[in-house]
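Here's the structure we're looking at; comments come further down.
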Amino acid sequence: MKKKISLLALLCFCLLAAQAQQSKFTISGTVREAGSLEKLPGVTVANLRARTGTATNNYGFYSLTLPSDTVELIYSYVGYSPVKKKFLLRADTIINIDLGVVELQTVEISAEQQESISDNTQMSQISIPVEQIKQIPALLGEKDVLKVIQLMPGVQKGQEGSSGFYVRGGGPDQNLIILDDATVYNAFHLFGFFSLFNGDALKSVELTKGGFPARYGGRLSSVLEMQMKDGDRQKYHGEAGIGLISSRLMLEGPILKGKSSFIVSGRRTYIDVLSIPFQKAFNEDGGIGGYFFYDLNAKANYEINSKNTLYLSGYFGRDKFYARVKSGLNSDDEFRASLAWGNATGTLRWNHIWNSRLFSNSSLIFTNYNLGISQREEFGGDFFELSYNSGIRDYSFKHDFDFVPNPKHYIRFGLLATYHQFRPSAFVIKDSYSGQFEEKARLIEAWEAGIYAEDDWTVTSRLKVNMGLRLSYFTTQKKNYWRPEPRVAARYILRENLSLKASWAIMNQYLHLLSNTGIGLPTDLWVPATRRVSPQRSWQAAAGLAHDIPKHKLMVSLEGYYKRSFDIIGYKEGASFLAIGDVNENGEPVNWEDNVTAGQAWSYGVEFMVQRKFGKFTGWIGYTLSWTQFQFDSLNFGRKFYARYDRRHDISLVGIYKLNDHITLSATWVYGTGNAITLPQAEYSLPIHSPGTPNPQGVSWFVTDYGDKNSFRMAPYHRLDIGVQFHKKLKRSERTFELSAYNVYSRLNPFFYYVGYDRQGNRRLRQISLFPVIPSVSWTWKF
Amino acid sequence: MKRIHSLYIVAAAFVLLSFTSCERNADVDLPEVKPKLALSCFISPQDTIVRAYVTQSIPIFSLGSSSQPHQPVNNATVTLSDANGSAQLTYNPVNGHYEIPATSFPIQAGQSYRITVQLQGFPTLEATTNVPVAVPSDFSVNPQITVDTTSFPGFPIFEAELEHQFTDLTGTGNYYMVNTVFNWTDTLMGIDQQLDLARVLYNDSDRDGELIRGRQSVGVNIQGSMNNVGIWLTASNYDYYEFHRTLLSGNNGGDPFSEPTLVYSNVTNGFGIFAGCNTTRIIIPL
């Protein structure tokens, strides 16, 4: 309660402080892209005379309060021509700016104009230009935001080809993936090989690994925030692409010119469509089977007036495996089965500018993830039908305010309330032969809420502090959790373009993901914290140096972090998600809570990154040295062990070189220490205790000795990908033809190991590798 | 049209080839693993013969290590000792274990014991244990038994729901196992047989001194005559419980997604278990 009062006092103080400064005036407005009128987030607005400034928020809004004087503002953003404004500030002023896109290699950016990491309070944050994502070579040519995220320091990939990512030792369940304010629970297609996000409809991608501001909550390890494009308000545009496994189409344009626009982007694979003619030709019984996935992003916006804008956006995606086999003697006899999963999200947002210093965004959010397995068998006029469903559905309300009382303070406050519906399993069985009809469904309901306030406070010209507090709440099954989450981050400028940063944050996570593999299988199950299973919690401290080198357009960062996590969950030894639905030895159903065990984690490491975001040659070098250890009372006999994805060394080299207007070259090379796994080491047999039998020592049991858990290292992983894009400007359009190769030197990285035999009958450690060199080709047409 | 067909062939072949995995011997240094001795020895005051099994582990990746039957080690020196002295167990080649009559070396409740196993080429294997002071005296079973002798004449079917209960011994750190043994006579071979049908483990964490209840559903189809069913309650210690728990939970029916189970051991320089027990039983004639 004391903390709540303190929070209100802080807000009141700031409001009063704003009133007291009568001799100051506020410049506010919106920064948009010239032509499309797309609102631009993160645009730097600097007052060159006083060396103060701000940046636009996610909706392009900015507010800067300055003393009455001559001001010289510069609006700058990577990839856009900077705009300068010089005027005498004598009253509150609204300045809306439209920045024009320019060719990157022609821009000469001065120190003040370029994006600066040394000036920002936020640390442990990475933003990736969407255009760069499209230029980095990808598996089968499928551009993938999450696979680019994996190339960043502090972020590890899981298995070969998988889009799942591990941030600073945290599991994939500890990443909050947000698309236009909506949480995406399963962000993967095709068992984790591709992510839902191909970049066509995205405006910005930002990953926060630590130093979390108070506005973020609900996960322990990272926040991946993606904003969809709004759509061009002036002209109709489109982009079509054909790749090896999928085709995509994006259309955008005005609904009411200058006031309203839409964007629609879709993608679908066609392996099934290509293979059906073959299946029909070769399967005499007419059996067919296949797989496809599709994505659809859609967004529309309407500017009611200069102070109010509405946005409606949604994502719909689905994966489906299906099979149909004719069987039996009757022509009607048939077996059908399908496995399908998908996400749907919807967000309705209202941006409102209350006054030149106060901006708000209100969102109504819906998100749903569902996995369905169905099977129908028809035989001799009877049928058997089984359908299984599991999933999670959220309804949320979010209200965020940006308040800029003066240049020294940037205050954000707001709240989020979410109603969760968990369906761990629901099934229906119909059997016409036996007359059996069974329907079982379990629904768990929960409420999650958070209120927060944070202030980005410029204490002195060198010291800037972001202080915040989030109060989170979760209730389910008559169990309530209230947890305060203080956050603090500071930046101290050591000298021009060089700053020292530090941060500390407490996080809570009220949802758990039951996953044996961690690679994003659709069977991974989200479950809430319960009376028996506590919420996960963590604290993380980080410190580092941020250095801008404008001469070479480089941003350099060096960060160390230490993270402790508590009440994380893992499957007990011998347990698996397949066991859910089983019964125990007492004949009682096995609950997921019986199969999991709680533990703690230690993660620490150092991350180094040199990044160049603009110019002819862009890319980055990332290196991570890290350790991640777990301790569970019920695993490894309570002893500490390394996490499967503990990676001592991780290197990423990414380079994109724009040779000329027609050719772009790109390459990535990654290296990572092998995964820590549990490998069988020896075998023996021993009898167990069996009193009552003539030999009380009973029969012998075969035992495999594994040594300590995760005590064996797989071979290191490394891979080189290259790509070349040929661009050609046509009369009213542009086409890009891309050739790329994944794993150029065909390194046979182990996907998994197993114990097998050679021809002499000796046991050997055998490895399965997934992808040798894989060339791909794609074609994109922009109009 | 021909072009489209060619495109289908190329695309489908490419997709298939692209996803074809490669299998080969792993190019990675394997851990150096040496054979170790493994011991299984449970001692209780109810024993008429004290037994110990000794086997030897085989490194997974040793040459010629295809799945071989693991033979007992027959030339080790197995010594059992307590506060009063020690005794050497002798090898019984018929049953493949080391033994000593309880009359020569009685096992007493509440006493501590130590075992060593010596074999040339191996470090001495060593373990200690305590024998529980008592076993719950109120152990009871509520049986619901069905014996069907008519459905398949000569092949009676035995089915039972066995509810058991007992009061946990006071003081924490008590561990129990209940197992059900079905005794029958094989009329074809003319010999008595026993089947250990089910077992369940308990610990008294969060329920010290409370009533512990459980149920076992068992069933068996035999060719012969049924004699009785015995339900055995064993009181033991953490080592005993953890060894059986980890061993039994590793039996996951080949589920590839289950976490590998590390089998617990309280033996130094080797694998296995040395545990003191105290046992009681209820016999239900059939």
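The values are calculated or read from the model by the stated rules, or taken from the named source; none is laboratory data. Bear in mind that the values here come from a model prediction, so they are computed numbers and not experimental data. All Cβ positions, even for glycine, are placed from backbone atoms using ideal geometry, and neighbour counts span all protein chains on display.
Name the residues in the stretch A:164-217 that are of a type in the set (Val, Ile, Thr), over 18 Å from residue A:349 (Cβ atoms) and surrounded by fewer than 23 Cβ atoms within 10 Å (Cβ to Cβ), would you?
Residues satisfying the conditions are A:205, A:208.
What are the residues in the stretch B:24-35 that are closer than 28 Å to residue A:688 by Cα and facing chain A (nearest Cβ under 7 Å), if any?
B:33
Go through the stretch B:237-267 and count every residue that is in contact with a helix residue (DSSP H, G or I) (Cβ under 8 Å, 6 or more places away or on another chain), more than 7 Å from chain A (Cβ to nearest Cβ) and modelled with pLDDT under 80.
Counting residues in the stretch B:237-267 that are in contact with a helix residue (DSSP H, G or I) (Cβ under 8 Å, 6 or more places away or on another chain), more than 7 Å from chain A (Cβ to nearest Cβ) and modelled with pLDDT under 80 gives 0.
Can residue A:687 be described as within 14 Å of another protein chain (Cβ to nearest Cβ) and buried (at least 21 other Cβ atoms within 10 Å of the Cβ)?
yes
Just one of B:153, B:136 is modelled with pLDDT of 90 or more, assigned to a loop (DSSP other than H, G, I, E, B) and of a type outside the set (Ser, Thr, Tyr); which is it? Give the derivation first.
Numbers: B:153 fails: modelled with pLDDT of 90 or more.
Going through B:153, B:136 in turn, just one is modelled with pLDDT of 90 or more, assigned to a loop (DSSP other than H, G, I, E, B) and of a type outside the set (Ser, Thr, Tyr): B:136.
Name the single residue, out of those in the stretch A:284-314 being surrounded by 16 or more Cβ atoms within 10 Å (Cβ to Cβ) and among the polar types (S, T, N, Q), that is nearest to residue A:245 (Cα to Cα).
Step by step, filter the stretch A:284-314, then rank; the result is A:297.
If the requirement is being on the phi < 0 side of the Ramachandran plot, out of contact with any helix residue (DSSP H, G or I) (no Cβ under 8 Å at 6 or more places or on another chain), touching a residue at least 24 places away in the same chain (Cβ under 8 Å) and within 12 Å of another protein chain (Cβ to nearest Cβ), which of these qualifies: A:720, A:765, A:739?
Being on the phi < 0 side of the Ramachandran plot, out of contact with any helix residue (DSSP H, G or I) (no Cβ under 8 Å at 6 or more places or on another chain), touching a residue at least 24 places away in the same chain (Cβ under 8 Å) and within 12 Å of another protein chain (Cβ to nearest Cβ) holds for just one of A:720, A:765, A:739, which is A:765.
Restricting attention to the stretch B:48-63, which residues are more than 7 Å from chain A (Cβ to nearest Cβ) and at pLDDT below 90?
Listed by number, the list holds a single entry, B:62.
Please go through the stretch A:650-664 and give me each residue that is surrounded by fewer than 20 Cβ atoms within 10 Å (Cβ to Cβ), touching a residue at least 60 places away in the same chain (Cβ under 8 Å) and assigned to a strand (DSSP E or B), ordered by number. Walk me through how you get there before you give the answer.
At the first step, the residues of the stretch A:650-664 found to be surrounded by fewer than 20 Cβ atoms within 10 Å (Cβ to Cβ) are A:651, A:653, A:655, A:657, A:659-663.
Checking the rest, the ones that are also touching a residue at least 60 places away in the same chain (Cβ under 8 Å) come to A:661-663.
A:663 - this is the single residue of the stretch A:650-664 that is surrounded by fewer than 20 Cβ atoms within 10 Å (Cβ to Cβ), touching a residue at least 60 places away in the same chain (Cβ under 8 Å) and assigned to a strand (DSSP E or B).
Residues that are touching a helix residue (DSSP H, G or I) at 6+ places or on another chain (Cβ under 8 Å): find the strands (runs of 3 or more DSSP E) completely inside the stretch A:159-254 holding 3 or more of those.
Those strands (runs of 3 or more DSSP E) span A:165-167, A:202-208, A:222-228.
Of all residues being of a type in the set (Gly, Ala, Ser) and more than 30 Å from residue B:214 (Cβ to Cβ) in the stretch B:113-158, which is surrounded by the most Cβ atoms within 10 Å (Cβ to Cβ)? Just the residue, please.
Among those that are of a type in the set (Gly, Ala, Ser) and more than 30 Å from residue B:214 (Cβ to Cβ), it is B:154.
For residues that are more than 12 Å from residue B:230 (Cβ to Cβ) and part of a strand (DSSP E or B), tally how many sit in the stretch B:185-197.
Within the stretch B:185-197, residues that are more than 12 Å from residue B:230 (Cβ to Cβ) and part of a strand (DSSP E or B) number 5.
Which members of the stretch A:238-260 meet the condition of being modelled with pLDDT under 90 and in contact with a Leu (Cβ under 8 Å, 6 or more places away or on another chain)?
Within the stretch A:238-260, A:243, A:244, A:245, A:258 qualify.
Select, from B:18, B:6, B:40, the only residue that is within 9 Å of chain A (Cβ to nearest Cβ) and either modelled with pLDDT under 90 or loosely packed, with under 12 Cβ neighbours inside 10 Å (or both).
After applying the criteria, what remains is B:18.
Name the single residue, out of those in the stretch A:611-647 being part of a loop (DSSP other than H, G, I, E, B) and closer than 16 Å to residue A:563 by Cα, that is nearest to the chain's Cα centre (by Cα).
Keep residues of the stretch A:611-647 that are part of a loop (DSSP other than H, G, I, E, B), which gives A:613-616, A:633-635, A:639-640, A:643-647.
This time we only want the ones that are closer than 16 Å to residue A:563 by Cα, so: A:640, A:643, A:645-647.
Working: A:640: 29, A:643: 21, A:645: 18, A:646: 20, A:647: 20 Å.
For the stretch A:611-647, the residue satisfying everything is A:645.
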